[in-house]
Amino acid sequence: MERKEFLRSLGAGAAFALTFPCIHGCSKDEVDGNIVEEPTGVDFTVDLTSQEAQALVANGGFILKNLVVIAKNLEGNYVAASQVCSHESYDQVRFVNQDGGIFYCDVHGSRFAQNGTPLNQVDSKPAKTLKIYNTELEGSVLRIFE
Ligand code: FES
């Protein structure tokens, strides 16, 4: 059977699926975010009374600053992780209210515990730890540092 005949015999939907298998995720153009370097030398502060920190008022909220995800976890403690995913370096890591609060990257679905430990494996490569930063609260100023 010729390839064309074979595809015709499968029907239009199956032929399309075989011909264009990457329609939902092989090209960077179809993914939100950018591939960037993990931040190094991190040491900055956030004034929790400022406008930029509004999302940190409630437990489970987070902000993005200097490629770091700064979150107030579900227990009310501040945690910080690299916004750059340890899987393929997309800047799409966020804090989500799942399983007690985790870091999550929606590009390929990597999930990380608050200490950076991978919670799943999204391809054949071993999942790598997500970079976690220290936090220190002094008055209303939160310091994020390595
Ligand atoms: S880059 Fe984050 S899951 Fe692949």
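The values are calculated or read from the model by the stated rules, or taken from the named source; none is laboratory data. Keep in mind that what you see is a predicted model, and the values were worked out from it rather than measured. Virtual Cβ from ideal backbone geometry, glycine too; neighbours counted across all protein chains shown. Remember, those area values only see protein heavy atoms, side chains included, never the ligands or the DNA or RNA. Shrake-Rupley method; radii C 1.70, N 1.55, O 1.52, S 1.80 Å.
Here are Lys72, Lys125: which of them is among the charged types (D, E, K, R) and modelled with pLDDT under 95?
On the way: Lys72 fails: modelled with pLDDT under 95.
Selected residue: Lys125, the only one of Lys72, Lys125 that is among the charged types (D, E, K, R) and modelled with pLDDT under 95.
Every residue in region 37-51 that is surrounded by 13 or more Cβ atoms within 10 Å (Cβ to Cβ) and closer than 30 Å to Gly109 by Cβ, please. Explain how you work it out, then say what you get.
The first filter runs over region 37-51 and keeps only residues surrounded by 13 or more Cβ atoms within 10 Å (Cβ to Cβ), leaving 38-39, 42, 44-46, 48.
Correct list: Glu38, Pro39, Val42, Phe44, Val46.
Looking at Leu64, Leu74, can you tell me which residue is open to solvent by 60 Å² or more (accessible area, probe 1.4 Å), of a type in the set (A, V, I, L, M, F, W, C) and more than 9 Å from the ligand (Cβ to nearest atom)?
Answer to the check: Leu64.
I need the full set of residues from region 111-127 which are more than 10 Å from the ligand (Cβ to nearest atom) and either among the hydrophobic types (A, V, I, L, M, F, W, C) or not assigned by TED's automatic domain parsing to the domain that holds Lys72 (or both), in order please.
Answer for region 111-127, where residues must be more than 10 Å from the ligand (Cβ to nearest atom) and either among the hydrophobic types (A, V, I, L, M, F, W, C) or not assigned by TED's automatic domain parsing to the domain that holds Lys72 (or both): Ala113, Leu119.
From the list Lys125, Lys131, which residue is open to solvent by less than 70 Å² (accessible area, probe 1.4 Å) and of a type in the set (Lys, Arg)?
Exactly one residue qualifies, and that residue is Lys131.
How many residues are under 24 Å from Glu138 (Cα atoms) and either open to solvent by 30 Å² or more (accessible area, probe 1.4 Å) or within 9 Å of the ligand (Cβ to nearest atom) (or both) if we restrict to region 77-87?
2
Can you tell me which residue in region 134-146 is nearest to Lys72 (Cα to Cα), limited to those that are of a type in the set (A, V, I, L, M, F, W, C) and loosely packed, with under 15 Cβ neighbours inside 10 Å?
By that ranking, first place goes to Leu137.
How many of the residues making up region 88-110 are within 11 Å of Gly60 (Cβ to Cβ) and near the ligand (Cβ under 7 Å from one of its atoms)?
Number satisfying all stated conditions: 0.
Taking Arg111, is it open to solvent by 50 Å² or more (accessible area, probe 1.4 Å), among the basic types (Lys, Arg) and over 20 Å from Asn66 (Cα atoms)?
Yes.
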